[in-house]
Amino acid sequence: MSDSGQAVFDRRIEAEQKIEPKDWMPADYRKNLIRQMSQHAHSEVIGMQPEGNWISRAPTLKRKMVLLAKVQDEGGHGLYLYSATETLNATRDEMNAALHSGKAKYASIFNYPALSWADVGAIGWLVDGAAIVNQISLQGTSYGPYSRAMIRICKEESFHQRQGYEIMIALAKGTPMQKAMAQDALNRVWWPSLMMFGPHDSASAHSGRSMQWKIKLRTNDDLRQSFIDQTVPQIKFLGLELPDPDIKWNEERGHYDSGEIDWDEFKRVISGDGPCNRDRIRHHKKALDEGQWVREALQAYHNKKASASAA
Amino acid sequence: MNNFSNSTLYNYLLGLADDALILGQRTSEWCSRGPFLEEDIALSNVALDYIGRARMFYQYAAEVEGKGRSEDDLAYFRDEREFSNLLINELPNYDFAFSMVRQYFLDVHACLYLQGLTASTDQHLAAIASKAIKESRYHLKRSQTWLLQLGLGTEESNKRMQTAIDELWGYTPEMFMMTETETQLSTAGIAVNRDNLLQQWTATVTADIRSADLQIPDQQWQVVGGREGKHSEHLGHLLAQMQILQRSYPGLEW
């Protein structure tokens with residue numbers, strides 16, 4: 001029975017047809033998807049914190065509204081992705097518990113602090129920019145609900161990236177202090193943005209299987225290179241200095257070469273010892289803990305209503 | 001033709017703008033702190049509506065003032081004593097019950113007030129009110145539902161809601177107080193007479209609170225002063241945070 005399920009599954013993957021929630025799928029495919037999708041959802045939700053840190057201090061009312069709308073969108077993306085993951089029989093409570101215990105990861109970029117207004121610009125521009133490169137590729141992923149969530153999310157992300165880049169343009173055109181603020185943000189956000197694509201292909205634990213199952217369609221290094229190629233001209237347009245002295249156009253490859261990422265730092269941050277890991281989880285847990293009585297009351301109210309209408 | 005000065009209208013508009021901005025700023029503090037993700041997103045929506053409303057009032061105020069100031073000059077370069085929002089808007093969020101009861105009291109009021117303002121002889125104000133009332137009707141639907149759900153939910157939620165009602169009750173009379181400015185403008189058909197809203201507000205609130213198994217406080221008390229710039233200690237901190245970049249680096253483009 002499972003053999004025929006496997007055969008049907010393999011044929012569909014081969015033919016690039018989507019796998020849907022009720023279809024038979026290998027246990028490892030399901031597990032791998034839950035890991036990747038919940039990680040993606042957590043990244044959206046934890047990602048609300050560094051930018052959210054500046055909503056109260058945004059320098060104009062218009063910037064405040066755009067930023068708040070943007071952070072709210074990230075919450076919305078988290079919601080689509082949690083819902084898509086729930087189609088694999090993972091519950092929101094389980095996913096949150098895995099996040100709090102450290103079992104589930106999220107994009108390690110959000111473990112760095114947003115220290116200045118320019119960071120809001122740099123995060124929108126670089127982090128959302130990196131996310132778009134990754135997510136455009138994921139629109140074609142083999143699991144139907146994930147693919148559809150990605151298509152929806154990509155439509156909104158380009159607006160996010162633009163708002164970030166607009167902040168950077170305003171700062172780059174501003175006073176020397178503002179330009180320095182922009183440069184400092186670029187220097188700090190650049191490397192963690194490159195780390196968002198994950199380890200080198202040769203060192204990526206999950207890449208092989210994920211590619212075979214067409215959950216992932218392009219490799220980490222391939223996606224990272226696309227991001228570098230699209231971003232270097234944008235840095236030059238801003239008139240800022242390149243954050244990596246080794247960035248050079250390579251005529252032969254038709255790509256930019258760049259310096260090596262500090263993988264020790266990557267490992268340290270992803271395993272929980274970055275500058276904000278503990279703060280991020282504490283913040284998320286505190287909100288959920290403080291909201292527990294609200295969720296319980298809501299449940300109790302609906303239970304009472306249900307039993308009243310049944311009686 | 002008008003028997004009031006531009007500064008009268010300007011002061012009135014500032015009051016409306018400050019009310020909206022301060023509540024919007026407070027509500028935005030919920031972002032990433034909601035009791036669950038769906039509600040987090042909804043709270044940000046409400047905050048966005050209020051900040052948008054504040055911008056419309058500030059832009060109009062700046063135009064009426066005619067000194068070339070912008071919405072941001074008005075929001076970022078005035079001190080506590082110059083802010084004229086009602087006190088209820090500036091109180092901290094405390095817990096979800098407190099935020100929701102405040103929102104509910106204000107939503108019932110906003111629906112009545114904005115309804116009146118849509119009939120203002122000032123076309124600009126009437127237009128802002130027509131847009132804002134659609135938002136406030138939606139906000140009221142939400143806060144009214146929460147009042148019911150949390151009032152009738154668990155023992156704890158009922159207790160928290162009652163505490164919030166008791167602590168906020170004395171801040172509601174200020175919503176119905178007329179300043180001299182407003183009296184003048186209401187005679188001219190521009191502003192809304194707040195006296196006329198009290199009865200309807202009290203009737204709605206009393207009925208809703210009772211059906212949520214909650215009580216209207218027996219004890220009558222009131223704290224007022226926001227319109228004269230006599231605030232709680234909370235406002236200064238809110239403004240210090242909100243205004244930090246503009247005050248640190250005045251005159252820059254962001």
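Could you list, in sequence order, all residues of the stretch B:82-124 that are open to solvent by 30 Å² or more (accessible area, probe 1.4 Å) and of a type in the set (D, E, K, R)?
Result: B:GLU82, B:ASP95.
How many residues does the stretch B:42-97 hold that are within 13 Å of chain A (Cβ to nearest Cβ) and either within 19 Å of B:SER136 (Cβ to Cβ) or among the hydroxyl-bearing types (Ser, Thr, Tyr) (or both)?
20
Pairs please, first residue from the stretch B:137-164 and crowded, with 21+ Cβ neighbours inside 10 Å, second anywhere and not in a helix (DSSP H, G or I), Cβ atoms under 6 Å, 6+ apart in sequence or on different chains.
B:LEU147/B:ALA212; B:GLY151/B:ALA212; B:GLY151/B:ASP213; B:GLY151/B:LEU214; B:MET161/B:LEU214
Within the stretch B:1-85, considering only helices (runs of 4 or more DSSP H) that don't extend past its boundaries, which have at least 1 residues that are among the β-branched types (Val, Ile, Thr)?
Numbers: elements: B:6-28, B:37-65, B:71-76.
Fully inside the stretch B:1-85 and qualifying: B:6-28, B:37-65.
Residue by residue, here is whether (1) open to solvent by less than 40 Å² (accessible area, probe 1.4 Å); (2) in contact (Cβ under 8 Å) with a residue 40 or more places away in the chain; (3) under 17 Å from the mean Cα position of the chain (by Cα); (4) more than 22 Å from B:THR27 (Cα to Cα) holds:
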position	(1), (2), (3), (4)
B:THR202	no, no, no, yes
B:SER211	no, yes, no, yes
B:GLN215	no, yes, no, yes
B:TRP221	no, yes, no, yes
B:ALA240	no, no, no, no
B:GLU253	no, no, no, yes
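What are the pairs, 6+ residues apart or on separate chains, where a residue within the stretch A:266-282 that is on the phi < 0 side of the Ramachandran plot has its Cβ under 6 Å from a residue that is of a type in the set (Val, Ile, Thr) and assigned to a helix (DSSP H, G or I)?
From the stretch A:266-282, the pairs are A:ARG280/A:ILE46.
Quick check, is A:VAL294 open to solvent by less than 30 Å² (accessible area, probe 1.4 Å), more than 30 Å from B:LEU37 (Cβ to Cβ) and in a helix (DSSP H, G or I)? Outline the logic, then answer.
On the way: open to solvent by less than 30 Å² (accessible area, probe 1.4 Å): yes; more than 30 Å from B:LEU37 (Cβ to Cβ): no; in a helix (DSSP H, G or I): yes.
So A:VAL294 fails the test.
In the stretch A:185-199, is there at least one residue being open to solvent by 30 Å² or more (accessible area, probe 1.4 Å) and over 17 Å from the mean Cα position of the chain (by Cα)?
Looking through the stretch A:185-199, at least one residue is open to solvent by 30 Å² or more (accessible area, probe 1.4 Å) and over 17 Å from the mean Cα position of the chain (by Cα).
Going through the stretch B:18-34 one residue at a time, which ones are under 10 Å from the mean Cα position of the chain (by Cα) and either farther than 30 Å from B:SER186 by Cα or within 10 Å of chain A (Cβ to nearest Cβ) (or both)?
Matches in the stretch B:18-34: B:LEU21, B:GLY24.
Looking only at residues in the stretch A:133-162 that are over 28 Å from A:MET25 (Cβ atoms) and either surrounded by 20 or more Cβ atoms within 10 Å (Cβ to Cβ) or touching an Asp or Glu at 6+ places or on another chain (Cβ under 6 Å) (or both), which one is modelled with the lowest pLDDT?
Within the stretch A:133-162, the first condition is being over 28 Å from A:MET25 (Cβ atoms), and the residues that meet it are A:156, A:158-162.
Pick out the ones that are also either surrounded by 20 or more Cβ atoms within 10 Å (Cβ to Cβ) or touching an Asp or Glu at 6+ places or on another chain (Cβ under 6 Å) (or both) and you get A:156, A:160-161.
Details: A:GLU156: 87, A:HIS160: 90, A:GLN161: 91.
This residue is A:GLU156.
Only residues that are under 21 Å from B:ARG55 (Cβ atoms), in a helix (DSSP H, G or I) and in contact with a helix residue (DSSP H, G or I) (Cβ under 9 Å, 6 or more places away or on another chain): list them for the stretch B:112-126, please.
Across the stretch B:112-126, the qualifying residues are B:TYR113, B:LEU114, B:LEU117, B:HIS124, B:LEU125, B:ALA126.
Select from the stretch A:55-79 the residues that are more than 7 Å from every other protein chain (Cβ to nearest Cβ), of a type outside the set (D, E, K, R) and in a helix (DSSP H, G or I) and list them in ascending order. Write out each step before concluding.
Let us first name the residues in the stretch A:55-79 that are more than 7 Å from every other protein chain (Cβ to nearest Cβ), namely A:58, A:62, A:66-67, A:70, A:73-74, A:77.
From the residues that got through so far, the ones that are of a type outside the set (D, E, K, R) too are A:58, A:66-67, A:77.
Result: A:VAL66, A:LEU67, A:HIS77.
For B:THR172, which of the numbered conditions (1) touching a residue at least 60 places away in the same chain (Cβ under 8 Å); (2) within 14 Å of chain A (Cβ to nearest Cβ) fails to hold?
(2)
Between B:ASN93, B:ASN89, which is in contact with a Ser or Thr (Cβ under 6 Å, 6 or more places away or on another chain) and at pLDDT 95 or above?
On inspection, the qualifying residue turns out to be B:ASN93.
Condition first: in contact with a helix residue (DSSP H, G or I) (Cβ under 7 Å, 6 or more places away or on another chain), in contact (Cβ under 8 Å) with a residue 60 or more places away in the chain and open to solvent by 60 Å² or more (accessible area, probe 1.4 Å). Now tell me which residues in the stretch A:216-252 satisfy that.
Those that are in contact with a helix residue (DSSP H, G or I) (Cβ under 7 Å, 6 or more places away or on another chain), in contact (Cβ under 8 Å) with a residue 60 or more places away in the chain and open to solvent by 60 Å² or more (accessible area, probe 1.4 Å): A:LEU217, A:ARG218.
Please specify each residue of the stretch A:1-28 satisfying the condition of being in a helix (DSSP H, G or I) and within 15 Å of A:LEU217 (Cβ to Cβ).
Start the filter on the stretch A:1-28 by keeping residues that are in a helix (DSSP H, G or I), which leaves A:2-14, A:27-28.
If the condition is that a residue be in a helix (DSSP H, G or I) and within 15 Å of A:LEU217 (Cβ to Cβ), then A:ILE13, A:GLU14 are the ones that fit.
Among the candidates B:SER232, B:SER186, which residue alone is without any contact (Cβ under 8 Å) to a residue 40 or more places away in the chain and away from chain A (no Cβ under 14 Å)?
Matching residue, one of B:SER232, B:SER186: B:SER186.
Being hydroxyl-bearing (Ser, Thr, Tyr) and touching a Lys or Arg at 6+ places or on another chain (Cβ under 9 Å) is the filter; apply it to the stretch A:160-210 and report the residue that is farthest from the other protein chains (Cβ to nearest Cβ).
The selected residue is A:SER207.
The values are calculated or read from the model by the stated rules, or taken from the named source; none is laboratory data. Please read all numbers here as calculations on a predicted model, not as lab measurements. Cβ coordinates were reconstructed from backbone atoms using ideal geometry, including for glycine residues, and neighbour counts include every protein chain displayed. Surface accessibility is based on the protein's heavy atoms, side chains included, excluding ligands, DNA and RNA. Shrake-Rupley method; radii C 1.70, N 1.55, O 1.52, S 1.80 Å.
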